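K.L.:
Have a look at the structure that comes next, please.
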Amino acid sequence: MTPRQRLLVFLAGAAGLAALLAWGVAGLPGFGDHRSAYGQLVTRSSVPLRNATDVVTVVNLDVRGLDTIGEEFILFCSVTAAAVLLRRQARERVGAARDEFPGRRAPGRDDAVLVLGTAMGALVVCFGLYVVGHGQLTPGGGFQGGGILAAGVALLYLASGVRTLERMAPEWLLEVGEAVGAGAFVLIGLASLAAGAAFLQDLLPLGSSGTITAGGTLGLINAAIGLEVAAGISLVVSLFLVQLARIEEADRP
Amino acid sequence: MPPAIQVAELLVVALAGLAVVLTRDPVRQTLVVGFFGLQLAVLFLTFQAPDVALSALAVGSVALPLMLLLALARMRRQGR
């Protein structure tokens, strides 16, 4: 096929795509035009039904809770797959922790970096816990807060090195946290079934709107997801770091 | 017509996305992709979706660049 023929085939395909795209865009509702009946309904009913003021949390964890369990297990499976890929191979051995790249000397530990990094890490962890805990009231929740908590763990490594990370967030602890978080979400759903209600149906008292107890099980589910996401992301990061700092090829001199 | 701040942020995101594609060195690209993730979070905020913005902030500007950098470091070490 000559370049000229290839160009003709591309132009025909591109023209078809452009026509279909223009047709599709012409049928879209106007910018900022909220016509979805579902959206209106769920916005109006989340406080009367669940006492929860963050509609997104109500949709994700309650109205569409089953979908979110599926999403949670997508993350769980990705973390498991990464852990399998990063496991120690037979030809590798665990060496002493070296926080530097071969051929490049790392600067020594600096007190200012250590103190500032630890202080910032503490603030980030507090903010993460706040975001997890207030998911039913304000924007946030388990996924968002869990990601922020994992950023706190990464900050701990940046400030103090791989040895401190291994001591304060050991692999087994992160694995247990991930498994418990993922399992707890399903168990909360099954508890409703065991009590004779529908899967994930809220049987706890709904508290009063605007307080941290609002929304019944929403707070518990957010805590479970927060644990799972924080432990999962931290686990992948820590496995990578241990690979980099400790694992050596056995057949290398 | 959308508010000016949304138009401006859409333009910034488009430019940041273009910058990611045009950066050839993977290590630099990782930093640019972190900036792109940050701008995406700001975009969601201007469109009044703070829930999505918080997720994008944690995943797009912290977790993704960090894992890319770690993977690049691992590959580079193996190459030696």
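K.L.:
From Cα pairs below 8 angstrom and at least 6 apart in sequence, can you work out the relative contact order of segment A:103-253, rounded to a whole percent? Don't skip to the answer; put the middle values down first.
P.N.:
Numbers: 200 pairs, mean separation 44.2, N = 151.
Relative contact order here is 29 percent.
K.L.:
Now, a different point. Give me the net charge of B:Leu68's neighbourhood, meaning all other residues with Cβ under 12 Å from the Cβ of B:Leu68; Lys, Arg count +1, Asp, Glu -1.
P.N.:
Values: positive: B:Arg28, B:Arg74; negative: none.
So the environment of B:Leu68 carries a net charge of +2.
K.L.:
Now a separate question. Okay, which of segment A:36-75 sit inside 13 Å, backbone N to the point 7 Å along the Cα-Cβ direction of A:Ser209?
P.N.:
Label zone hits: A:43-55.
K.L.:
Helix check for chain A. Which DSSP H runs span at least 15 Å along their own axis by Cα, with a mean Kyte-Doolittle hydropathy no less than 0.5? Walk me through the numbers on the way to the answer.
P.N.:
Working: long enough: A:3-26 (34 Å, 1.27); A:37-50 (19 Å, -0.02); A:65-85 (30 Å, 1.37); A:111-133 (33 Å, 2.00); A:142-160 (27 Å, 1.38); A:171-194 (34 Å, 1.42); A:217-245 (41 Å, 1.89).
Correct list, ordered by number: A:3-26, A:65-85, A:111-133, A:142-160, A:171-194, A:217-245.
K.L.:
Top mean-square fluctuation among A:Leu114, A:Leu41, A:Leu75, Gaussian network model of chain A, C-alpha springs under 10 Å?
P.N.:
Sorting by GNM fluctuation, first place goes to A:Leu41.
K.L.:
Please tell me the relative contact order of segment B:4-77 in percent, rounded to the nearest whole number, where contacts are Cα pairs under 8 Å and at least six residues apart. Mind showing how you got there, number by number?
P.N.:
Details: 69 pairs, mean separation 23.2, N = 74.
That works out to 31 percent.
K.L.:
With +1 assigned to the C-beta of every Lys and Arg and -1 to the C-beta of every Asp and Glu, and no other charges, what is the dipole magnitude of segment A:1-106 about the Cα centre in debye, to the nearest 20?
P.N.:
Values: 13 positive and 9 negative charges, 136 e Å.
In total the dipole reaches around 660 debye.
K.L.:
Per DSSP H run of n ≥ 4, the term is -39500 (n - 2.57); total these for chain A, divide by its residue number, and report the mean residue ellipticity at 222 nm rounded to 500 deg cm²/dmol. Provide the component values of the computation, followed by the final result.
P.N.:
Details: 9 runs with 165 residues, N = 253.
The helix contribution divided over chain A gives -22000 deg cm²/dmol.
K.L.:
Another one. Determine the relative contact order of segment A:1-136: mean sequence separation of Cα pairs under 8 Å and six or more apart, normalised by residue count, in whole percent. Before the final figure, lay out each step's value.
P.N.:
Details: 23 pairs, mean separation 30.5, N = 136.
After rounding, I find 22 percent.
K.L.:
Measure out, as a whole number of angstrom, how far apart the alpha-carbon centroids of segment A:191-246 and segment B:40-80 sit.
P.N.:
Rounded to whole Å, the Cα centres lie 22 Å apart.
K.L.:
How much length is gained if the chain between A:Ala15 and A:Leu85 is pulled fully straight, taking 0.36 nm per residue apart and subtracting their Cα-Cα distance, in nm to one decimal? Spell out each step's value before the answer.
P.N.:
On the way: separation 70, 0.36 × 70 = 25.20 nm, distance 4.30 nm.
Result: 20.9 nm gained on full extension.
Taken together, the values in this text are just the output of simple stated rules run on the coordinates, not laboratory data. Keep in mind that what you see is a predicted model, and the values were worked out from it rather than measured. All Cβ positions, glycine included, derive from the backbone under ideal geometry; neighbour counts span all protein chains shown.
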